[in-house]
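What follows is a set of notes on a single structure, which appears directly below.
Derivation of every value follows stated rules applied to the coordinates shown; laboratory data play no part. Since we're looking at a predicted model, the values are computed, not measured.
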Amino acid sequence: FVLEAPTASLILRFGDRFVTPAPNGGILHGTTQLSVYEHLAAQGFEVGYDRIPASDLPRADAAWLVSSVRLAAPITAIDGVELPVDHALSADLNRYLLSPRD
């Protein structure tokens, strides 16, 4: 099962649904991931948590590692298998993460 990176949270896109590993078993909520989820939900996307088998990774329509340092970094391949990159959404997420918020 997929967990998280040492300094980043994983977000996967499957259609209009975004999923990240459930915050249990040693996984904590990432503050950047929570912020991205607020932004995506405000745009009408479904966001959620799940137990994600590693075999689901190549099926993702897009994937990101998100953190306060790297922002939303698209994942381009996993174990040599290329993943689609949503350049427009990646740019939107990074604009949002860099914007001042109250």
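A few notes on this one:
- Extension gain for R17-A91 works out to 24.8 nm (0.36 nm per residue, less the C-alpha to C-alpha distance).
- Chain lengthening between S55 and Q43 when straightened (0.36 nm per residue, less Cα-Cα): 1.5 nm
- Over the Cα atoms of the chain, the radius of gyration divided by the Kirkwood radius equals 0.93; this is the Rg/Rh ratio.
- Normalising the average separation of contacting C-alpha pairs (under 8 angstrom, six or more residues apart) by the number of residues puts the relative contact order of the chain at 28 percent.
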